[in-house]
1. If we count other beta carbons within 10 Å of each Cβ, what is the order of B:LYS399, B:LYS464, fewest first?
2. Counting Lys and Arg as +1 and Asp and Glu as -1, each charge on the Cβ, what is the dipole of the protein assembly as shown about the Cα centre in debye, to the nearest 20?
3. Could you state the principal axis extents of the C-alpha atoms in chain B, from the largest down, to the nearest angstrom?
4. Residue by residue through segment B:539-552, which ³J(HN,Hα) values in whole Hz follow from phi under the Karplus form 6.51 cos²θ - 1.76 cosθ + 1.60 (θ = phi - 60°), with glycine and proline marked x?
5. Quick query: amide H of B:ILE80 versus all other amide H atoms, modeled in the peptide plane; which residues come in under 5 Å with a sequence gap of 5 or more or a different chain?
6. Taking other Cβ within 10 Å of each residue's Cβ, how do B:ARG210, B:ARG27 sort, fewest first?
7. Considering all projection directions equally, how large on average is the shadow of the alpha-carbon convex hull of segment B:143-223, in square nanometres?
8. Using the Cα centre of chain B as origin and beta-carbon charges of +1 (Lys, Arg) and -1 (Asp, Glu), tell me which of B:VAL505, B:SER196, B:PHE349 is placed farthest towards the positive end of the dipole.
Amino acid sequence: MERLTFEYAATKSVPKRAYVGVVGSGDLEVLLEPLEDKKAYVTVRTRFDGFEQIWKDILDRFFENNDIAAKIEINDFGATPGMVSMRLLQALEVSQDDKTQR
Amino acid sequence: MIKLKDSFVELKARERAKALLDEGTFRELLGPFERLESPHLEPQGIVPECDDGVVIARGTICGERAVVISIEGSFQGGGIGEVSGAKIAGALEIAVKDNEEGIKTNAVIVHDSGGVRLQEANYGLLSISEIQSAIVALRNYVPVIGVIPGKIGCFGGMSMTAGLFSKIIITREGRMTLNGPEVIEQEAGVAEFDSSDKKMIWNTIGGAQRQAIGLADVLVDDDITTIIDEVRVAVKDGKPSKLRSKQIDLFLSRIKNVDPTKPIGPMDVREMWSKDEDITVVDAAKVEQTDKNELVEKVMSRGRIWFEKLTGITELKVSDVPSVLYADVNLGKEQVRYIAVVPNPNNRFPRARKGEVGLEEGWTVAKYVREVMEEDADKEKKRPIIAVVDVPSQAYGYKEELLGIFQSCAGAVDAYASARYAGHPIISLLVGPSISGAFLTHGYQANRMIALDDPGVLVHAMSKQSAARITKRTIEELDEAAKKVPSMAYDIKSYSTLGTLEDLVSGIDAESPKAEDLETIKEKLIKAIEVTRTSGIRDLSNRLTSEKALTGRAAGIKVRSRLKEEWN
């Protein structure tokens, strides 16, 4: 198991917190909470060691497109990069939608 | 037009809970952002989940106050650890209290659990005993409704828990069984149970078969609306007139009618058990006759040695289930009943010959406990029951699972817990291995537990070989992990850090107790009975208040107190 942390500068705020996913085989959970600072902090706990660069690439791309000020926690059980991106977008969607609360 | 089905099985635990509660009433307790995750996984290199895989939700069903407990099968196979177990037990305990105080609170449990989470082992087993105790209490007020959708189903101690439910709603995909196929294959060989034969597995332990032989109530399609409707019907119906775990005579007679020397399949059981209930009971009388003539070879075991020494009876009359001993003798100033499960090399069921708790053993223990309750029904002072515990495991076999060994074990759990609630002090004396489902069945429902501090006294959820196979680790890795997480260790000293033992008695010759050893233990037993009576506590809450528990079960205590804060 490995614990990774990332930090990004951010400009946009998110209205509310969001929780998506499950720590199951090939999946992950994402906890997203709004931050007052113009920053994004990401903590990743992943079952599989040695993929820091891939995590960085995925998160770089996510924050390039969505520079949100948020605290994000990821608990990963071997999700593919595609799955990770999808869950991040889902968390973002939930955090901005009043009706969706999954 | 054919209506399209929406799968309930495909939903995650949270969505399932939301679906079962009236629209708009879902309110989660100890939700993800409270981050009550397991403290034991990260040290073992396993990523935890922020809700520990259990969703507790309050709301209403048919307008009535309810709690839905939903287990996430995708996280660690729905395994029960310290936090997840405390969430379930704690929620049920508060629901009991609500109902006691006249606030009707319904309970639905969505079961999707492999049983004990082996990475937390003893925490899981202990939690399950507490969950079971709470269900037995809660059933007196409201139906405790179980929904078993699959994909996991329920295994191990959690299948015994299902055996206590007032009503079970199951899909074809749901499975219900004590020992999983891989475990039986590991313990008894591939000839006994081929874990790769999926069709055979579902035909034996799948929802359709379980419902057909009466071990589940309603077989439903995997459709959200259908399942919601059935849960509503169950809530409206209220408490059922009969509970499976109380039908000792019926199940014992059914099992008596089985010839274990002959092969038996799922369809045979359907045929046999669909007959009128009265007919089978009559048939059992005949079988009993022949049984008694059978030669019963006496094998000494720790359980038998302690039973004989404590009761002073060496030539016990052989009953029709010779592996379960009981005797009423005086201890101090009053009569107590001792119960022990011992090896019987002539056991009709070959998989239960070494002291394992099998199909007949569970129901027979239940019978002997219920007997005490019935005899003392009008008495103010209830007779104490002492469980002499030396049980290596439950019986691992195909026939055992086919014939619902989990239900047999649940019968004994129900009996012990009911006796305890009725005011019978239940004391367990751990003199040998106290393992897994066997310990849940015989001993773990006790008010107080006394253990001998001896290398032969072990408490655990599964044999090392099977635990290694299931968690995909080597035995060496398991031993290494046990150093970091004491609840994974097998020895009684490590177990005692959980704070559940009333006493860990050292300096006793566990193999052949001397006169002074017996005196010491008898004194401890008398004291434990007295403490139990004085405390007035009939549930298992005293397990959380010992000095050791304050540190050993810190997470479980925290979960319970937070649940109370958020309940209303």
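Derivation of every value follows stated rules applied to the coordinates shown; laboratory data play no part. Keep in mind it's a predicted model, so treat the numbers as computed, not measured. Using ideal geometry, Cβ is built from the backbone for each residue, glycine included, and neighbour counts are taken over all protein chains shown.
1. On the way: B:LYS399 22, B:LYS464 13.
Placing the least packed residue first, the sequence is B:LYS464, B:LYS399.
2. Once rounded to the nearest 20, the dipole reads 840 debye.
3. So the three principal-axis extents are 73, 53, 53 Å.
4. Ordered by residue, 3J(HN,Hα) equals 8, 9, 5, 5, 5, 9, 10, 5, 4, 5, 5, 4, 9, x Hz.
5. Hits under the 5 Å cutoff: B:GLY115, B:VAL116, B:ARG117.
6. Details: B:ARG210 27, B:ARG27 12.
In order of increasing Cβ crowding within 10 Å: B:ARG27, B:ARG210.
7. Mean projected area of the Cα convex hull: 5.2 nm².
8. Of the options given, the answer is B:VAL505.
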